[in-house]
Amino acid sequence: AFIMCVVCGFMLTLAAEGLKERKLLNIKVDKQKNILKALGLLEPNKKYSTTEVESIYDTSVVSKWVNTSGDFVSESDSGALPLYVYQENGNLKAYAVHYEAYGLWSWVKGYFSLKKDGSTVQGITVYSHQETPGLGGEVEKSWFQDQFKDKKIVNSVGDFVSIGVVKGKVKDWIS
């Protein structure tokens, strides 16, 4: 039994170390895919290869870092937050940020993007949550995420009004 445990432990360690680079690549590509989905650059039901995702990301998205005052800073600055800027032919189209919001049972994590006007939602994605499979698990579905597209996060006088999630259907509210 001791020899079996040592052999199995060695094999697991070898597999984990041997697949480490592939695991890190998969994490990077999954992050890029979620950012691209939030920005509306990937078709919802189409499968993309690792190379395709990396190519679309590299040609369309620029990673920048901002501080809490909204100034561009270097990644190493204390409190720097990532901002993913979608540009087409050098023109700003949209930008995405990472979010974490508390759901009913756990943290819901994803990416939230705004159109270049800074007040209209381009899209959202959810990549991690621990919500219940029934109701809470719906945050992963495209029907749930698509309902936020083109919603305004500011009212007619420019005040931030946010977007909320409620059970049932509601009308757009702009004051």
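Remarks
- Options Lys116, Lys141, Lys151, Lys93; residue that is of a type in the set (Lys, Arg) and exposed (fewer than 11 other Cβ atoms within 10 Å of the Cβ): Lys141
- Here the strands (runs of 3 or more DSSP E) wholly within segment 74-164 that include at least 3 residues being of a type in the set (S, T, N, Q) are 121-128.
- Scanning segment 57-73 for residues that are within 19 Å of Lys116 (Cβ to Cβ), among the β-branched types (Val, Ile, Thr) and either assigned to a helix (DSSP H, G or I) or open to solvent by 70 Å² or more (accessible area, probe 1.4 Å) (or both) turns up just one, Thr59.
- Number of residues in segment 1-46 that are closer than 22 Å to Tyr95 by Cα and among the β-branched types (Val, Ile, Thr): the value is 3.
- Residue match in segment 125-138 (condition: open to solvent by 90 Å² or more (accessible area, probe 1.4 Å), within 25 Å of Ile27 (Cβ to Cβ) and of a type outside the set (Phe, Trp, Tyr)): yes
To keep it simple, each residue is scored yes or no on (1) over 28 Å from Glu43 (Cβ atoms); (2) modelled with pLDDT under 80; (3) in contact with an Asp or Glu (Cβ under 8 Å, 6 or more places away or on another chain).
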position	(1), (2), (3)
Tyr111	no, no, no
Thr125	no, no, no
His129	no, no, yes
Val161	yes, no, no
Lys169	no, yes, no
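- Ser142 being at pLDDT below 85, under 25 Å from Lys28 (Cβ atoms) and small (Gly, Ala, Ser): yes
- Options Glu17, Glu52, Glu43; residue that is out of contact with any Ser or Thr (no Cβ under 9 Å at 6 or more places or on another chain), in a helix (DSSP H, G or I) and either in contact (Cβ under 8 Å) with a residue 24 or more places away in the chain or open to solvent by 100 Å² or more (accessible area, probe 1.4 Å) (or both): Glu17
- Top-ranked residue of segment 32-80 - restricted to ones that are in contact with a Phe, Trp or Tyr (Cβ under 8 Å, 6 or more places away or on another chain), modelled with pLDDT of 90 or more and of a type in the set (D, E, K, R), ranked as nearest to Ser142 (Cα to Cα): Lys37
- Check on Gly103, modelled with pLDDT under 80 and surrounded by 14 or more Cβ atoms within 10 Å (Cβ to Cβ): yes
The values are calculated or read from the model by the stated rules, or taken from the named source; none is laboratory data. Keep in mind the model is a prediction, meaning the values are calculated, not measured. Heads up, the Cβs are rebuilt from the backbone with ideal geometry, glycines too, and the neighbour counts pull from every protein chain shown. All accessible areas refer to the heavy atoms of the entire protein, side chains included, with ligands and DNA or RNA removed. Shrake-Rupley method; radii C 1.70, N 1.55, O 1.52, S 1.80 Å.
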